[in-house]
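Taking it in order: structure first as structure tokens, then the write-up.
We did not get these values from a lab; they are worked out from the coordinates using the rules stated. All of these numbers come straight from a predicted model, not from anything done at the bench. So basically every Cβ, Gly included, is an ideal-geometry build from the backbone, and we count neighbours across all protein chains shown.
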Amino acid sequence: MTEQDFILKSYNSNIENGSVKWSSPSNIALVKYWGKKEHQIPENPSISFTLSNCKTITEVTYSKKAGNDFSFDVYFEGEKNEAFKPKIQIFFERIETYMPFLRDYHFKIETSNTFPHSSGIASSASGMSAIALCLMSIEQKLKEDVTLSAVERSFDKNYFNQKASFLARLGSGSACRSIEGELVVWGKNESTESSDLYGVKFDGEVHSNFKNYQDTILLVDKGEKQVSSTVGHKLMFGHPFAKERFAQAHDNLATLKAILAFGDLKAFVKVVESEALTLHAMMMTSMPYFILMKPNTLEIINKIWQYRAENDSNVCFTLDAGANVHVLYPEREKQNILEFIKSELVSYCQNGHYICDQIGLGANQIGF
Ligand code: DP6
């Protein structure tokens with residue numbers, strides 16, 4: 001597939017209005033995307049677990065309009081929201097070539113999250129993938145016209161998911177990994193089926209040790225991100241360790257592929273924690289430099305290491321570009337780890353807040 005394959009060439013312009021609704025999950029990267037080229041092309045491949053409970057639910061209502069401007073309103077959790085508009089405006093500009101009907105309609109975008117917006121959990125992955133899926137459903141409806149040829153009307157689930165992921169990527173890179181589950185790879189590499197343009201369901205074997213893998217998200221700092229990921233990615237331009245880091249991500253993905261097949265939990269812990277710390281090391285060694293962990297992030301990491309050593313556990317952590325900690329563990333350790341979290345880690349969370357999640361299957365259309 002190339003960019004050209006995603007251009008919608010003809011569509012039924014007689015449809016006056018309608019509405020579509022999707023729920024789309026967040027995801028947590030095991031091998032991290034950090035650094036990108038122009039047009040949202042990643043510098044290195046990444047792989048993530050799709051989550052299950054942390055989701056954005058978005059309904060898009062469209063109605064035919066006159067004029068040639070983009071026209072849309074955004075409602076977040078029932079209230080009109082101006083703050084999200086610039087990001088969506090940029091998104092529309094980036095995807096217009098592929099969705100030529102965007103200027104034909106006024107869009108009412110109503111969106112809400114199942115997790116608190118101010119939790120510091122990346123809502124761009126679930127948010128951008130949900131809106132991309134809604135636009136794909138609209139595209140699908142506009143293609144149902146009887147005057148179109150059979151090929152033009154054909155609906156292929158693979159194409160739908162690929163283009164949804166392609167569009168989501170143009171909104172936010174990591175969003176392209178949220179369309180499907182349970183593991184998704186993004187970024188061309190030699191070890192797995194992959195593309196720089198969209199996320200691809202991981203094609204390797206996955207051992208039963210990873211079935212229903214758990215992710216409990218400890219909310220250490222619910223404030224605004226100190227560095228936006230857009231700024232963060234830019235720090236990899238001319239970064240002294242960039243070349244080595246990008247090569248390492250390829251190696252780690254290859255290693256992880258074997259780990260996932262053999263169910264080697266001890267080796268999984270090593271790759272995943274090293275990836276998280278490398279991401280933060282990149283930020284500490286860029287210019288300007290940042291420390292995105294908080295003292296409580298380190299307290300939690302040390303407690304996890306101590307617990308793992310004392311209990312021969314396979315619990316581990318990963319981090320995004322912030323202070324919150326994702327605690328990852330196999331389903332069979334669930335009861336023990338939840339007790340450990342409640343008794344030893346919750347006190348390091350802001351207002352004692354944490355979110356229980358697990359690996360999920362991807363986005364769902366709600367109503368037709
Ligand atoms: C640290 O996808 O938020 O979470 O493409 O600029 O929107 P943009 O960046 P974004 O970056 C996420 C980076 C990360 C690692 C990851 O999810 O792979």
So the angle from the long Cα axis of helix 123-142 to the longest Cα principal axis of the chain, reported in degrees to the nearest 10, equals 30 degrees
Here D for the stretch 212-358, in µm²/s, from Stokes-Einstein with a Kirkwood Rh over Cα pairs at 25 °C and 0.890 mPa s, works out to 152 µm²/s
Dividing the helical contributions, -39500 (n - 2.57) per DSSP H run of n ≥ 4, by the residues of the chain yields a 222 nm value, nearest 500 deg cm²/dmol, of -10500 deg cm²/dmol
The answer for PHE72, listing residues at least 5 apart or on another chain whose modeled amide H is closer than 5 Å to its amide H, is PHE107
Computed Rg/Rh for the chain (Cα atoms; Rh = Kirkwood radius) stands at 0.98
If R0 = 25 Å, then SER274 and THR2, at their Cβ-Cβ distance, give a FRET efficiency to the nearest 0.05 of 0.15
Length gained, GLN89-LEU298, 0.36 nm per residue minus C-alpha separation, equals 71.4 nm
Per the rule of 0.36 nm per residue minus the C-alpha distance, extending GLN306 to GLU79 adds in nm 77.2 nm
Taking 189-199, 18-28 and ranking on average Cβ neighbours within 10 Å, highest first, one gets 18-28, 189-199
A chain fully extended from VAL346 to LYS243 at 0.36 nm per residue, minus the present Cα-Cα distance, gains in nm 33.3 nm
Taking Cα atoms only, Rg over Rh for the stretch 70-121 with Rh from the Kirkwood formula is 1.03
To the nearest 0.05, the calculated FRET efficiency linking ILE366 and MET287 through their beta-carbon distance, R0 being 45 Å, is 0.50
For the stretch 1-143, the Kirkwood Rh over every pair of distinct alpha carbons, in Å, works out to 16.4 Å
Taking alpha-carbon centroids only, the stretch 283-325 lies from the stretch 1-72 a number of Å equal to 31 Å
For LYS141, the aspartates and glutamates lying under 20 Å Cα to Cα, once residues fewer than eight places off in the same chain are dropped, come out as ASP5, GLU16, GLU59, GLU96, ASP104, GLU110, GLU152, ASP156
The rounded separation in angstrom of the Cα centers of the stretch 91-115 and the stretch 166-214 is 23 Å
Residue by residue through the stretch 212-221, the couplings from Karplus 6.51 cos²θ - 1.76 cosθ + 1.60 with θ = phi - 60°, in Hz, x for Gly and Pro, are 6, 3, 9, 9, 9, 9, 8, 8, 7, 9
